[in-house]
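Right, one structure below, let's go through it.
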Amino acid sequence: MHSRPSRLTRLAPLAMLPALLCSAAPGWAVPPVTAQQRATAQQVAQGGVPLSALADNAPASHTVQRGDTLWHIASLFLKTPWRWPELWGMNLQEIRNPHLIYPGQVLVLIKDGDRARLQLAGADGQGQAPTNTVKLSPRVRSQLLPNGAIASIPLQLIGPFLNEAVVLSDDELANAPRVVATQEGRVMISRGETAYVRGDLGGVRSFTLFRQTKPLRDPGTGEVLGHEAAYVGTADHVRAEGTAPASGLPVPASFVMTSTRQEAGVGDRLAPVPARDFSAYAPHAPAAAMDGQVVSIYGEALTAGQNQIVAINRGNRDGVERGHVLALWRAGAEALDKTGAKAQRIQLPDERTGLLFVFRVFDRVSYALILNALDPVKAGDRFSQP
């Protein structure tokens, strides 16, 4: 883990932070910020946000603590946390390569006329935080990325799903390697035991096992958007497939189960283990209008609430990005207007009920964390840009 920089320019705009980190932490490659990106970010930083966008009790400063997240910090300062790039002077290109904020750094709220912006206090004894700096109590659970920076949202809420939530197309499902037999004819395979697999491994050695795929259907059209796979565990390739010398029959490849959520068995399918990516993709609203529906609740539940996972019917091809914040809506109920000369059926307006944070994106489906919800979330509920 790399430590945070020891010296920072007094009140350095956050737009300059990646360049400072590159010089302070050799060996850790941060993609460079272009001159155009820097100029745009500085221009935004000079404007900031209107004072009306600040939270009613926004502090004058905040000392970053272990356990903080970008979303939490933005919520301290803004009524609408997804607008934090405007407050911190970022543009869309830099959101993809977000600024790295470290525990111990002090973020200072600067008000100039009817605008406000957030800057980073220097570590040279100047530009000290005001006396009403917010300091949080120590927390047991760390929310740090591998490089020591804080995360976008609590990682323990989405960490397991970065590997476990898998959506496959028809072609991927048909061509996926499969378990064809077990060691000594066992019915189920536990951790440390051997599974025999046939299929094209593509040179990959570590796989996720899944079963009981269920189709994810668009709530509006009924079209199958992909197949959600139930997570079983992981296995490593230990012996290549071949051909028996005497009989000429095919010999399947051997795998050892390295972890299990449930016992594996014949017929389970294999998919390569994706790289775990804990990049601090910044929460941000879609750049264009977007709407869609919740496809399903991850798991067996019929409804979901805060900190649970849902699948939505929009993905890469629809412009969905990791980090998108989306508004949840409850459909207005039908009612009967009895106030007129004749009773008339009416449709009440939709009501906004919560927020989603997209953390994994497939071609036509994405997974999102429910950040908050006033009502239980169910399949068919609508979402839009916030």
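Just so it is clear, none of the values below were taken in a lab; they were calculated from the coordinates. Computed from a predicted structure; not experimentally measured. Note: ideal-geometry Cβ built from the backbone for every residue, glycine included; neighbour counts use all protein chains shown.
May I ask you to order 324-333, 56-65, 338-347, 246-255 by the average number of other C-beta atoms within 10 Å around their residues, highest value first?
Values: 324-333: 19.1, 56-65: 16.5, 338-347: 8.3, 246-255: 13.4.
Ranked by mean Cβ neighbours within 10 Å, highest first: 324-333, 56-65, 246-255, 338-347.
Highest mean first, how do 172-185, 67-80 rank when packing is the count of other Cβ atoms within 10 Å averaged over residues?
Working: 172-185: 14.9, 67-80: 19.4.
Packing proxy ranking, top to bottom: 67-80, 172-185.
Can you work out ³J(HN,Hα) from phi for every residue in the stretch 255-270, in order, using Karplus 6.51 cos²θ - 1.76 cosθ + 1.60 and θ = phi - 60°, giving whole Hz and x for Gly and Pro?
Once θ is set to phi - 60°, the couplings for the stretch 255-270 become 10, 10, 5, 9, 7, 9, 8, 9, 5, 7, x, 4, x, 5, 9, 10 Hz.
Would you please give the residues with an amide H less than 5 Å from that of Q293, counting only those at least 5 places away or on a separate chain, with H modeled from the backbone geometry?
Here the answer is N313, F383, since their amide H atoms fall under 5 Å of that of Q293.
Please work out how much length the chain gains when fully extended from K214 to R345, using 0.36 nm per residue of separation minus the C-alpha to C-alpha distance, in nm with one decimal.
43.4 nm
Go through the stretch 194-200 residue by residue and turn each phi into a ³J(HN,Hα) via Karplus (6.51, -1.76, 1.60, θ = phi - 60°); whole Hz please, and just put x for glycine and proline.
Residue by residue, the stretch 194-200 yields 9, 10, 9, 10, 10, x, 7 Hz.
Within the stretch 173-207, what residues put their amide N at less than 13 Å from the label point 7 Å along the Cα-to-Cβ vector of V238?
Zone members listed by number: 183-184, 190-197.
Run the numbers for R115 and V224: contour at 0.36 nm per residue of separation, minus the present Cα-Cα distance, in nm.
Taking R115 through V224 to full extension adds about 34.5 nm, to one decimal.
Computed FRET efficiency, Cβ-Cβ of N57 and S247, R0 56 Å: what is it to the nearest 0.05?
0.15
First measure r as the distance between the Cβ atoms of E300 and E184, then evaluate 1/(1 + (r/R0)^6) with R0 = 35 Å and state the FRET efficiency to the nearest 0.05.
Calculated value: 0.60.
For A116, what residues show an amide H to amide H distance below 5 Å, using hydrogens built from the backbone and excluding near sequence neighbours?
V49, L51
What does the highest-first list of 372-378, 233-239 look like by mean Cβ count within 10 Å?
Ranked by mean Cβ neighbours within 10 Å, highest first: 233-239, 372-378.
Gain in length, R191 to D170, computed as 0.36 nm per residue apart minus the alpha-carbon separation, to one decimal in nm?
Length gained, R191 through D170: 4.7 nm.
Which ³J(HN,Hα) values in Hz, rounded to whole numbers, follow from the phi angles of the stretch 246-251 under the Karplus curve 6.51 cos²θ - 1.76 cosθ + 1.60, where θ = phi - 60° and Gly and Pro get x?
Result, rounded to whole Hz: 6, 8, x, 7, x, 10.
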